[in-house]
Amino acid sequence: MNILGLVPARSGSQELENKNLLKIKGKSLIELALTEAKKSSYINKVFLSTDSVVYKKILKKLSLENNYIRPKKLATNTASIYDVARHAVNWHEENDWKVDYIVILQPTTPFRSSKDIDKVIKILIKSKADSAISITKVSYPVHWMLKLNKNNLINSIFPKGNQYTRRQDAPKYYKPSGAIYVLKASLLKKIKYLLPSKKTIGVEMPQMKSINIDTKLDFLIAKEISKYNDI
């Protein structure tokens, strides 16, 4: 069984400059993702998908060199992560390395560990599902959320309004943590929508480990969280 660990990291970032090179505890986000993927007990091959020769230099440090460069059409902010993953799988298969499962590990979730990765992979392999993703609890009750119309008037996002006055009474909801996506290659080749599919397993991760760095505020929070050893 061949399991590909894919770290997608295009150059450039609209909101946070050189986001993938930001450092947590002295290591760039790319290096953290590659290192944990390399430590996985299930991943057979760790692969960086990037359009940047600067990013590829990090591979040498970790003895993970490859001659792959992501095509420009897949290095834009509108490119689908699944198109990026499909291209990586096709490239491997054209080079005589069949992919059975692909594990997508975005650099922007720096607190995901190899144990977290292996847990999600193991659960999927032992199941009859076709994919598994890490999820985390939504910290703010969904029923309290609002929408704003063009006159700046606010309404509940639910037709009947908010039915819960206490946070602890509201139903628990989850969101993708962004840390780990594991798919059968057969699903990846035909998928045209965002996960979950009808056969996607959700594996819960703590909120502290699920911080996703997209903004400067996210990065400041991540640096604060990194001071704790029990995440």
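The values are calculated or read from the model by the stated rules, or taken from the named source; none is laboratory data. Since the structure is predicted, the reported quantities are computational estimates derived from the model, not experimental observations. Note that each Cβ is placed from the backbone with ideal geometry, even for glycine, and that neighbours are counted across all protein chains shown. Ligands, DNA and RNA are stripped out before the accessible areas are found, and what is left, the full protein with its side chains, is counted by its heavy atoms. Shrake-Rupley method; radii C 1.70, N 1.55, O 1.52, S 1.80 Å.
What fraction of the DSSP beta bridges in the chain is antiparallel, stated in percent and rounded to the nearest 5? Spell out each step's value before the answer.
Values: 15 of 29 bridges.
In the chain, approximately 50 percent of DSSP beta bridges are antiparallel ones.
Under a GNM of the chain (C-alpha, springs under 10 Å), which listed residue has the highest mean-square fluctuation: T35, T76, T165?
Sorting by GNM fluctuation, first place goes to T165.
Using a/c under 1.5 as the rounded threshold, could you call the stretch 1-142 rounded, prolate or oblate? The axes a ≥ b ≥ c are square roots of the C-alpha gyration tensor eigenvalues, and prolate needs a/b larger than b/c, oblate otherwise.
The shape class here is rounded.
Normalised by the residues of the stretch 102-231, what does the relative contact order come to in percent, with Cα pairs under 8 Å and at least six apart? Provide the component values of the computation, followed by the final result.
Values: 177 pairs, mean separation 50.5, N = 130.
Dividing the mean separation by the residue count of the stretch 102-231 yields 39 percent.
Just to confirm my numbers, what's the Cα centroid distance between the stretch 214-230 and the stretch 21-38 in Å?
Taking the Cα centre of the stretch 21-38 as reference, the centre of the stretch 214-230 is 14 Å away.
Determine the distance separating the Cα centre of the stretch 166-213 from the Cα centre of the stretch 60-95; give it in Å without decimals.
23
Compute the helix-to-body angle for 29-39: its Cα long axis versus the longest principal axis of the chain, expressed 0 to 90° and rounded to tens.
Between helix and principal axis, roughly 70 degrees.
From the phi angles alone, apply the Karplus equation (6.51, -1.76, 1.60; θ = phi - 60°) to the stretch 153-169 and give each ³J(HN,Hα) in whole Hz, x where the residue is Gly or Pro.
Whole-Hz 3J(HN,Hα) from phi for the stretch 153-169: 8, 9, 9, 5, 6, 9, x, 8, x, 6, 9, 10, 9, 10, 3, 5, 8.
Enumerate the lysines that K227 could reach by cross-link, defined here as Cα to Cα under 21 Å, with residues fewer than 8 away along the same chain left out.
Straight-line reach from K227, under 21 Å: K19, K23, K25, K27, K115, K209, K216.
Please label the shape of the stretch 155-231 as rounded, prolate or oblate, based on the square roots a ≥ b ≥ c of the eigenvalues of the alpha-carbon gyration tensor (a/c under 1.5 means rounded; beyond that, a/b larger than b/c means prolate, else oblate). Mind showing how you got there, number by number?
Values: a/c = 1.99, a/b = 1.06, b/c = 1.88.
Judged from the Cα gyration tensor, the stretch 155-231 comes out oblate (a/c at least 1.5, b/c at or above a/b).
Cα axis of helix 114-125 to longest principal axis of the chain: angle in degrees, 0 to 90, nearest 10?
90
Sequence gap at least 6, Cα distance under 8 Å: using those rules, report the relative contact order of the stretch 1-152 to the nearest whole percent. All intermediate terms of the calculation are to be shown ahead of the outcome.
Values: 186 pairs, mean separation 47.7, N = 152.
Computed over the stretch 1-152, the figure is 31 percent.
Taking only protein heavy atoms and a 1.4 Å probe, what accessible area per residue, in Å², does the stretch 1-129 have with all protein chains in place? Mind showing how you got there, number by number?
Numbers: 6360 Å² over 129 residues.
Result: 49 Å² of accessible area for each residue.
Taking the stretch 1-43, which trypsin sites (Lys or Arg not before Pro) meet the DSSP loop condition and have no more than 15 other C-beta atoms within 10 Å?
Details: sites: R10, K19, K23, K25, K27, K38, K39; in loops: R10, K25.
Answer by residue number: K25.
Given a 10 angstrom Cα cut-off, can you work out which residue in Y181, Y173, Y164 is the most mobile in a GNM of the chain?
Y164
Trypsin sites (Lys or Arg not before Pro) within the stretch 164-208: which are DSSP loop residues with at most 16 other Cβ atoms inside 10 Å?
Working: sites: R166, R167, K172, K184, K189, K190, K192, K198, K199; in loops: R166, K172, K189, K190, K192, K198, K199.
The qualifying sites are R166, K172, K189, K190, K192, K198, K199.
Once you sort the root eigenvalues of the Cα gyration tensor of the stretch 2-78 as a ≥ b ≥ c, which label holds: rounded (a/c under 1.5), prolate (a/b larger than b/c) or oblate (the other case)? Display every interim value, and only then the final one.
Values: a/c = 1.80, a/b = 1.27, b/c = 1.41.
Here the stretch 2-78 falls in the oblate category.
Mean-square fluctuation check for the chain, GNM, Cα pairs under 10 Å: which of N152, N20, N162 is largest?
Evaluated over the chain, the most mobile residue of the options is N152.
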